[in-house]
């Protein structure tokens, strides 16, 4: 069943369930003097809380509208219908009619039956507590079981804590008749809601930052492994063996459980299967023996699905009954109220890495399937894969360009500086030869603020400008590296840390003059005289950079007091 059909079937099911519920337990509106005020309170609280985006994880929006539906429950279960209608007016939420109707019905079926069941208990406070717990249970049934969404324990726990934070409002409401006190308690609950919002935003950003760093480290590991393969080849090993090593990296380092690598035979117009990882021998033989024309593969490589050297073709496009265009979301926001995550990898998704010749013609590809994390690729993932694909293409086109391929493998895709892998190789060489060398480990100050206020695209431009500044003001024999995120390392050859400090002071002045964003850097330095092991030297410089950053920023530390 495709996505659109599933959505309408699901919506019809809930419409029938809601209709039956209303027939058995009808809504009776009481038009007294206070009804408009109560309706206004419920509508405002529901609209405000429902539009507060509390995300515990990238694709896990927490149910935040409980405060509005609690007010509806306390005023009378007839107000729950009004609160459910309010959820259809969500800001910046563009979806088709089936999703909007489903959202109304889903919330109604979460809260209204819970109100009916809890009403059988005589103690009002206990009844309200039962109401909140039943809502949580119905939410799991509707979203995770019927909506086919995997249960996330941490997100469910956050939702539970958010719901339990409403208990003081229940106790106060049933123990006082003062309107002022009731208003104050709801204001307090709004403050609590804001606490959850800012807390989740903080932890979400921390996780995102960690994911980016992990992705960068994974990329560094991949390119280092591939550079080692290139070294070992020494122009003597066949292309098939090269690609078999590539398949190993795709499976073990990049985390794809199934990998199939093929080249185009331009003479007969057929696809030639080269190697695989993750398929059974029987499966691979079936694939290998089945003739596939090059044009059949090129048909999938439509420009609308291309991102750099990759092609991602989601299952929605492959299924002709549901031609939904998959868009890479620049803001990385995910709206999940329809129960199906557009972030989750499906069995029919296709991800292809293209290998190209010097004229930009496709000469082969790698098909990657079943990612270990179960997610569709982000733009950052595809950028990493594209750099990897370019390196492979360079190797395939002409083995004589070995040095060029190695250079691509050791360069950071954004800044053009050397990367983390190249750093360790050069440190090993310098310290191994006993060459006097200094290490400067730099962490940019206030760069996160620029990213948060002006966006990552602008932040990338700043990083490029800083990289250019470093390259201009160091000697030819010195090397600059992007270590990760907003961290940089410079190796100064033939100088001790005292001479290194002079250069860094000049760099710090130049940066303040050139980069108009209040950005400086905190730096720690050491040299081979102070530490004979390059790993210890790098760790020491890193620690001093940390000390510099947290004792005032914009400092150069070469000694520890």
Looking only at the stretch 24-38, and only at residues there that are under 16 Å from residue 115 (Cβ atoms) and part of a helix (DSSP H, G or I), the one that is modelled with the lowest pLDDT: 24
Members of the stretch 359-380 that are over 14 Å from the mean Cα position of the chain (by Cα) and without any contact (Cβ under 8 Å) to a residue 40 or more places away in the chain: 359, 360, 361
Expected single match for at pLDDT below 85 and either assigned by TED's automatic domain parsing to the domain that holds residue 37 or in contact with a helix residue (DSSP H, G or I) (Cβ under 8 Å, 6 or more places away or on another chain) (or both) among 102, 131, 112 is 102
Scope the stretch 548-561; condition buried (at least 16 other Cβ atoms within 10 Å of the Cβ) and within 14 Å of residue 521 (Cβ to Cβ); matching residues: 548, 549, 554, 555, 556, 557
State yes or no: is residue 122 surrounded by fewer than 19 Cβ atoms within 10 Å (Cβ to Cβ), touching a residue at least 24 places away in the same chain (Cβ under 8 Å) and either at negative phi or part of a helix (DSSP H, G or I) (or both)? no
Can we say residue 501 is more than 16 Å from residue 467 (Cα to Cα) and assigned to a helix (DSSP H, G or I)? yes
Quick check on the stretch 67-79: of everything there that is without any contact (Cβ under 8 Å) to a residue 40 or more places away in the chain and buried (at least 24 other Cβ atoms within 10 Å of the Cβ), which residue is farthest from the chain's Cα centre (by Cα)? 72
Criterion (surrounded by fewer than 19 Cβ atoms within 10 Å (Cβ to Cβ) and under 29 Å from the mean Cα position of the chain (by Cα)) met by exactly one of 255, 269: 255
Single unsatisfied condition, residue 437 versus (1) in contact with a strand residue (DSSP E or B) (Cβ under 7 Å, 6 or more places away or on another chain); (2) modelled with pLDDT under 90; (3) surrounded by 21 or more Cβ atoms within 10 Å (Cβ to Cβ): (2)
When the stretch 392-434 is checked residue by residue, the ones that are over 24 Å from residue 533 (Cβ atoms), modelled with pLDDT under 85 and either assigned to a strand (DSSP E or B) or under 25 Å from the mean Cα position of the chain (by Cα) (or both) are 409, 411, 413
Breaking point among (1) modelled with pLDDT under 90; (2) assigned to a helix (DSSP H, G or I); (3) buried (at least 21 other Cβ atoms within 10 Å of the Cβ), for residue 63: (2)
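The values are calculated or read from the model by the stated rules, or taken from the named source; none is laboratory data. Keep in mind it's a predicted model, so treat the numbers as computed, not measured. Ideal geometry is used to build each Cβ from the backbone, glycine not excepted, and the neighbour counts take in all protein chains shown.
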